[in-house]
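Since the structure comes first, as structure tokens, the remarks are kept for the end.
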Amino acid sequence: FTVVDVKTAPIDGQKTGTSGLRKKVAEFKKPNYLANWVQSLFSSIDGLKGSSIALGGDGRYWNKDAVRIICRIAAANGVSKVLVGQNGILCTPALSAIVRRRELLGGIILTASHNPGGPNADFGIKYNVSNGGPAPESVTDKILSNTKTISTYGMACVDGDNTEADPFGSVDLAAVGATKFTSADGAAFTIDVVDSAADYVELLQSMFDFAALKALFARSDFSFLFDAMSGVTGPYAQRIFVELLGGPAECVMRGEPLEDFGGAHPDPNLTYAADLVASLDPKKSPDAPAMGAASDGDGDRNMILGRGFFVTPSDSLAVIAAKAKAAIPFFKDGLTGVARSMPTASAVDHVATKLGISCFETPTGWKFFGNLLDAGKAQICGEESFGTGAFHVREKDGIFAVLCWLAVLAHENAGTKDGDLISIESIVTDHWKVYGRNFFSRYDYEEVDSEAGAKLMATVTKVQEDMVAAADGSGSMTLGDFPVKVTTADNFSYTDPIDGSVAKGQGLRFVFEDHSRLVFRLSGTGSSGATIRLYAEQYETDEAKQGVDAQVALKPLIDLALKISNLTEITGRSSPTVIT
Ligand code: VG1
Ligand code: CO
């Protein structure tokens, strides 16, 4: 092949969001759109020449085409080997595992995660660095500045006159194996198609006691249902839950990955995984299984359900942290710390206090956990947005979280007779008795007008400024006529304890004297318009009051939030798109 420098010009709006660049497929398909970003990425990383990188995606529409284009740009930039997941597929945690295990320079993930896929929906790309985790802002800032000045990108071509033809077109992405090419000036370039599951599944097998999990699956009082949401996890789930743990074939639903996720929203929550939720509800399904779970398009999110019971992700994190040492071999040495994103309810904080370990509060997005995990300051982390993970990889990991819950169930039931299974519901409610319950809910207003989103944030900022100005110096403030005083009203800012980098403007928060919280922020993962997220949390130690529905418990706080922000008037929305 020969390397051609193709002329291009900067394209606006290529800023990396919370988790990569996400846009409509039509945008990505525009001439030079993908190439500009990929070249800007390659121009911003050190040590690229002669390196090996991983490449794979969640299988959504345009995944394979993008793989082909990226391989050509990588070859032109002097990368010596690209490890591509078979058929261009790698779930996000599996890519992280491959980068770490094989000590690669980094990896490129093609995903828009839980956003819908298909010709009229979303595509996305993100870069992970050598620790296997999302590129930190120092890297994404460089990529952005390169996208603003780019004038050419490199492309491996059959010969200098024909830039259309793919010199690597003979590589069959369905067949595992390496194919070596040589450039006109003698440089070697290899495309190595690797098994999409092997490294990742072996890693998980080394972390959990699969024999104990298999014994749980064998009980007559236990059954399990996993919803892959037609995303990337189907084949991984089949391998783990059916082949390794002995579940019946029907225990994986929507297990075949589809390019458009069957037209659905591959987001594991009560709204978009409604069929799974109904299957777990004994009122609707008398044979409801003991445990249900779902993962998103790219396999990094998880939802955990008990029979007729929803485990809110903030509680899931807390329970896993509390039981990790006893229930999960990987954590047998115990934890030195845990971490959660700021909007995540503080349930895990109470566990950390009890264990006498550190608890870190980071901005939204997995990239902020990377340094803490690398430095051994935290071993388990999570987000309210159905994200749970640990130091085995540097991404959140859906199937890992499911295995944690299976391990917790197996451990709690080690001494129970078949027929007397201790349920997920009782494990969680027992947890509340010890640590208190952190009621939590998030309201999403998706795709509101960008100006309305900005106006809402400006309105809430003004409320905070007025409160701070009116404060009497006693350290507590009043919010309207709300009976509980406010101790903090600010825009969350985070200083990384390892490298000292500062992330500002991470969400407007109100912390109340009774530890309740309200948070407003704009999403950084949407592909058009603005998505407003409103988070509400309330802490309850009184056992008698812990059983009520979260929406009932949180109503006064949410009403207050809607009132002070003037949300209905500003957005024209009388109700949220999704409540989790
Ligand atoms: C959302 C979630 C955040 C998560 C991010 C990526 O970001 O709130 O917690 O890390 O998605 O998850 P935002 O900026 O839209 O609120 V995934 O599974 O989309 O990679
Ligand atoms: Co995801």
Of all residues in the range 136-178 being of a type in the set (A, V, I, L, M, F, W, C) and over 25 Å from Ile89 (Cα atoms), the one that is most open to solvent (accessible area, probe 1.4 Å): Val158
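Conditions tested, residue by residue: (1) in a strand (DSSP E or B); (2) modelled with pLDDT of 95 or more; (3) open to solvent by less than 40 Å² (accessible area, probe 1.4 Å).
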position: Gly186; (1), (2), (3): no, no, no
position: Phe189; (1), (2), (3): yes, yes, yes
position: Val201; (1), (2), (3): no, yes, yes
position: Asp221; (1), (2), (3): no, yes, yes
position: Pro235; (1), (2), (3): no, no, no
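Regarding the range 102-123, can at least one residue be identified that is in a helix (DSSP H, G or I) and either among the β-branched types (Val, Ile, Thr) or within 21 Å of Gly177 (Cα to Cα) (or both)?
For the range 102-123, residues in a helix (DSSP H, G or I) and either among the β-branched types (Val, Ile, Thr) or within 21 Å of Gly177 (Cα to Cα) (or both): absent.
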Pairs where the first residue, in the range 538-553, is in a loop (DSSP other than H, G, I, E, B) and the second is not β-branched (Val, Ile, Thr), C-beta under 7 Å, 6+ apart: Thr541/Gly436; Gln546/Trp432; Gln546/Arg437; Gln546/Glu540
So Thr147, is it more than 16 Å from ligand 1 (Cβ to nearest atom), of a type in the set (Val, Ile, Thr) and modelled with pLDDT of 95 or more: yes
In the range 269-289, residue farthest from ligand 2 (Cβ to nearest atom) [restricted to those that are touching a strand residue (DSSP E or B) at 6+ places or on another chain (Cβ under 7 Å) and open to solvent by less than 30 Å² (accessible area, probe 1.4 Å)]: Pro289
Any hit, the range 19-31, residues being touching a strand residue (DSSP E or B) at 6+ places or on another chain (Cβ under 6 Å) and more than 24 Å from Pro116 (Cα to Cα): no
All positions within the range 456-491 that are crowded, with 17+ Cβ neighbours inside 10 Å, of a type outside the set (S, T, N, Q) and in a helix (DSSP H, G or I): Leu456, Met457, Val460, Val463, Met467
Residue among Phe310, Phe330 that is farther than 23 Å from Tyr200 by Cα, surrounded by 18 or more Cβ atoms within 10 Å (Cβ to Cβ), more than 16 Å from ligand 2 (Cβ to nearest atom) and among the aromatic types (Phe, Trp, Tyr): Phe310
Filter result for the condition that a residue is in contact (Cβ under 8 Å) with a residue 40 or more places away in the chain, surrounded by 24 or more Cβ atoms within 10 Å (Cβ to Cβ) and within 16 Å of ligand 2 (Cβ to nearest atom), over Ala94, Ala54: Ala94
Any chance Glu425 is part of a helix (DSSP H, G or I), assigned by TED's automatic domain parsing to the domain that holds Asp296 and either within 25 Å of Gly505 (Cα to Cα) or open to solvent by 40 Å² or more (accessible area, probe 1.4 Å) (or both): yes
Inter-residue pairs, beta-carbon under 7 Å, first farther than 26 Å from Asn115 by Cα and within 11 Å of ligand 1 (Cβ to nearest atom) and in the range 507-527, second of a type outside the set (Asp, Glu) and open to solvent by 10 Å² or more (accessible area, probe 1.4 Å), 6+ apart: none
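Which is among the β-branched types (Val, Ile, Thr) and free of Cβ contacts under 8 Å to residues at least 40 places away in the same chain, of Val463, Val468? Before you say what the answer is, go through the steps one by one.
On the way: Val463 fails: free of Cβ contacts under 8 Å to residues at least 40 places away in the same chain.
Criteria check complete, one pass: Val468.
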Answer residue from the range 12-27, given it is closer than 18 Å to Asp65 by Cβ and over 22 Å from the mean Cα position of the chain (by Cα) and is farthest from ligand 2 (Cβ to nearest atom) among those: Ala26
Any hit, the range 58-76, residues being touching a residue at least 60 places away in the same chain (Cβ under 8 Å), outside any helix (DSSP H, G or I) and out of contact with any strand residue (DSSP E or B) (no Cβ under 8 Å at 6 or more places or on another chain): no
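Would the range 54-69 turn up any residue that is under 27 Å from the mean Cα position of the chain (by Cα) and more than 30 Å from Phe261 (Cβ to Cβ)?
There is no residue in the range 54-69 that is under 27 Å from the mean Cα position of the chain (by Cα) and more than 30 Å from Phe261 (Cβ to Cβ).
The values are calculated or read from the model by the stated rules, or taken from the named source; none is laboratory data. On a predicted model such as this, the values are computed, not experimentally measured, just so you know. No Cβ is skipped: glycine too gets one built from the backbone with ideal geometry, and neighbour counts run over all protein chains shown. Surface accessibility is based on the protein's heavy atoms, side chains included, excluding ligands, DNA and RNA. Shrake-Rupley method; radii C 1.70, N 1.55, O 1.52, S 1.80 Å.
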